[in-house]
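Step one of this worksheet: look at the structure below.
We did not get these values from a lab; they are worked out from the coordinates using the rules stated. None of these values were measured; they are calculated from a predicted model. We place every Cβ from the backbone using ideal geometry, glycine too, and count neighbours over all the protein chains shown.
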Amino acid sequence: MPAFDEMNEEGRVRPPYAGVARYLEAARGEELEAKRREAEVLFRRIGVTFAVYTEGGDPERLIPFDVIPRIIARAEWETLRRGLEQRVRALNAFLADVYGPRRILAEGIVPAELVLGNEGYRAVMEGFTPPGGVYTVVSGIDLVRTGPEEFFVLEDNCRVPSGVSYMLENREAMMRLLPNLCAAHRIAPVSHYPEELLETLKSLAPPACQGDPTVVVLTPGPFNSAYYEHSFLSDEMGVELVEGADLFVRDDTVFMRTTAGPRRVDVIYRRIDDEFLDPRAFLPDSMLGVPGLMAAYRAGRVTLANAPGAGIADDKAIYPFVPAMIRFYLSEEPILNNVPTWMCGRDDERAYVLDHLDELVVKLARGSGGYGMLVGPHSTAEQRAEFAARIRERPGDYIAQPTLALSTVPTLSEGGTAARHVDLRPFILFGRDQVRIVPGGLTRVALREGSLVVNSSQGGGTKDTWVLEQDGPPPLQGMVQSMGAGGMTQSLGGMTQTLGDPSGRGRG
Amino acid sequence: MLSRTADSLFWLGRYMERAGNVARGLNAALRMASLAAPRGTEVAEWEGLLGATGTAAHYAQLYGEATPDGAARWLTLDTLNPSSVISCFEAARRNARAVRTALTVDMWEAVNDTWIDLRKIGPEAAGGDRLMGFNDWVMSRAVLFNGASMDTMLRDDAWRFARLGTMLERADNTARLLAARAPAFAPGAEADAANHAQWQGMLRSVSALRAYQHLFRERLRPARVVELLLMRPEHPRSVTACYEEVNDILSVLAMHDGEDRVACRRLAAALRGRCVSHSPARLMDGGLPDLLAEIIDGNGRLGTSIGKCFLIG
């Protein structure tokens, strides 16, 4: 399957990559290899590690960092930015609707049983409006690219998306490792993300808060795989990193235990899952949470970001309906495309999936981290038979999508550079006042040749992502022509219709 | 500051200090053992060191009688010993990692690099002829951590709690080492070569031999050794010097909170008072073991009291 390479297109270097191509041509193999080793030492020293579950060996692994950057032209980013904001606004509107009037269910646009029977649905949120009406304060939307102008949303992450610390640390590393290459480009900065995050969180202070809100980051603790990120973000924002046991609730007010006595907390950026937040509201035996937290939340005395129950918006079973949500709530055409998706819970779609296992990607509707996934074209007959059996047994648990030819970017590998598949996770901040998106995101790269699985738990690495402030030489001819006065929206909106089934229900 | 953060900083300080102290004690013991060991003091030396680290009973239960190799392994790389060098560094890093944001980069790197290096070495690196070199490395890491704290940390509550742990641990260590060598300081202990070696070993094990010479400019006498290690505020490892700093920190913390942490401060003040209220001569008349026992016990109670006051929250 020929994939679109973001640097080399039909023997020519695409303009945004001109500087990098020149550097790669001049650099000798040892130099790049030395940079790679230097980067590893750097990350290990800072302590940027990632705990990998269900594996033996070193529990604190580094995610491999590839020194060749992934570049997005300004015009490309502008489209992505608008598409991301649009999508997050629709997802948030969807959450406000399903925990409120349920118009979209009443009109049959999204099947009620998919929402109300969803394990991500939180009845405790019914009839309650979170501060500012914002549920998805921080979201990470996974994008993949298949061509010069073809971007698809692969997955929405509205619960506790992680990875933003890599976006920031990767840039720091690049500026130390390859300062000249960085200086030769006008790269949009990302280092203000923590400030934007803090502003966003403060803007959502609860009604009972007076004065400057006290913000904290709530972590499950040092054994969580993303603990480094939790501590990094709290450090960068200058707020306390708390565990459940550091907080307590009195008179529906949340306090943290300090050496100077109890101190009131107004906004909690929680990095623990819904079920563990409050043993009185969810799992009774959770040791990670804070008893009484949900009562304080519903009393308007503390803000939780993201809101509990936001997970139904990013559920893979709900995903096919996002384009319809955008039309329903915003009366706009989706700027970013969905990947066509077959839901195995439906008889006709399941029949199609079972017939085409060798060409589809099959995923658990509620899986994450690349676990429990079948990549058809790379699978053996045995694996397909096993998946077929699993799908027949629990059809509702599986969805399938076409195997996309993810774009590639040159990546350091043994004996030089080679094309490797990438995706992109930008982070979207939704405040009371505005939506903020730092230009860039986390580029994940599948380091194994031909592999389409970019998850760090499956041998994926990361790259620094450059959004160029100024594109220098003009980008692709076609794009320049369609850029006049909203032309981009239309041409990309049109693409949605040709590429994906607008109803989002896939081909049956 | 979060109580949990204060707790981690306190224990970070304690464990880094303890690792250095164990190594210091080990090198002093090695030196003693390599001197002529009169009247079979070799085993006694190691048993004394195990006693000073508070792990003698645990060791005996697992391995029986103390041997030089056994004790050295137990105190360096044995993960079953919660006070071995490796356990201390592990615990220090665990605490440091939990409060990563309260530390400076230099402090974190002092702890983290130590841990990374320690994970790379095999058992042979801390045995035989390489043991002294290993101990030197451990001491240098503890000193690096203290230096990094001194030079880079804001003088805020984070500093105070880390320092509190360091000082409490250090006072405890000096008192315990002295208690372990009590016979050499007993009334009528002769100034023979064996006892002289004990006094010297005692001073070495808290890096105070040179300080003794600078301060007193005379040959080693037990009363002077005791005076230096218990009462002299000039020496940073004397019990008095440690409690002075503990007192200072506790009074700042109390002011800070606008709350009198009475029990805690009273205990610390009493401990400091006990160290300076005796004349060295009286201590040499048989009062030393009781005083040391009192200090070790009081130190434990002070630790508990600080925990109740500030850390558990």
Most positive-pole-ward Cα, B:293, B:193, B:216, against dipole of the range B:172-313 from beta carbon charges:
B:193
Stokes-Einstein diffusion coefficient of the range A:207-301, Kirkwood radius over Cα pairs, 20 °C, 1.002 mPa s, in µm²/s:
159
Under the Karplus curve 6.51 cos²θ - 1.76 cosθ + 1.60, θ = phi - 60°, whole-Hz ³J(HN,Hα) for the range A:88-93, x wherever Gly or Pro sits:
5, 4, 5, 4, 5, 5
Taking a ≥ b ≥ c as the square roots of the eigenvalues of the Cα gyration tensor of chain B, is the shape rounded (a/c under 1.5), prolate (a/b larger than b/c) or oblate?
oblate
Expressed as a whole number, the average count of other chain Cβ atoms within 10 Å around the Cβ atoms of A:259-268 is 4
Give me the three principal axis extents of the range B:32-138 from the C-alpha atoms, as integers in angstrom, largest value leading.
53, 27, 20
From DSSP H assignment alone, runs of 4+ in chain B each adding -39500 (n - 2.57), the sum over residues rounded to the nearest 500 puts [θ] at 222 nm at -22500 deg cm²/dmol
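Find, among the trypsin sites (Lys or Arg not before Pro) in the range B:154-189, those assigned to loop by DSSP (not H, G, I, E, B) with at most 12 other beta-carbon atoms within 10 angstrom.
B:155
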Which residue fluctuates the most in chain B, going by a Gaussian network model with Cα springs under 10 Å, if the choices are B:87, B:34, B:140?
B:34
Across the residues of A:226-237, average count of Cβ atoms on other protein chains within 10 Å?
2
Below 8 Å between Cα atoms, with a sequence gap of 6+, how large is the relative contact order for chain A in percent?
23
Taking each residue in B:97-110, count the Cβ atoms of any other chain within 10 Å of its Cβ, then average. What number comes out?
4
Report, in debye and to the nearest 20, how large the dipole of the range B:1-70 comes out about its Cα centre when Lys and Arg carry +1 and Asp and Glu carry -1 on their Cβ.
280
With only Lys, Arg, Asp and Glu charged, each at its Cβ (+1 for the first two, -1 for the last two), find how big the charge dipole of chain A is about the Cα centre; round to the nearest 20 debye.
560
Cleavage-rule hits, GluC sites (Glu not before Pro), the range B:36-126, DSSP coil, Cβ neighbours within 10 Å at most 16
B:65
Cut-off is 10 Å between beta-carbons; in what order do B:79, A:258, A:136 appear when sorted fewest neighbours first?
B:79, A:258, A:136
Once you list every other residue whose beta carbon is under 9 Å from the beta carbon of residue A:164, what net charge do they have if Lys and Arg are +1 and Asp and Glu are -1?
0
Looks like the protein assembly as shown, by Cα gyration tensor root eigenvalues a ≥ b ≥ c and the a/c under 1.5 rounded cutoff (else prolate when a/b is bigger than b/c, oblate otherwise), is prolate
Find the relative contact order for the range B:11-153 and round it to a whole percent, using C-alpha pairs within less than 8 Å whose residues are 6+ positions apart.
33
Per-residue Cβ contact counts at 10 Å, fewest first, order A:199, A:382 as A:382, A:199
Length-normalised contact order for the range A:207-301 - Cα pairs under 8 Å, 6+ apart - percent:
31
Which one of A:313, A:146, A:331 is farthest out on the positive end of the charge dipole of chain A, using unit charges on Cβ (Lys, Arg +1; Asp, Glu -1) and the Cα centre as origin?
A:331
Straight-line reach from residue A:316: which lysines have a Cα under 17 Å away, not including same-chain ones fewer than 8 places off?
A:363
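Rounded if a/c is under 1.5, else prolate if a/b beats b/c, else oblate: with a ≥ b ≥ c from the C-alpha gyration tensor eigenvalues square-rooted, which is the range A:340-403?
Rounded, because the longest to shortest axis ratio a/c is under 1.5.
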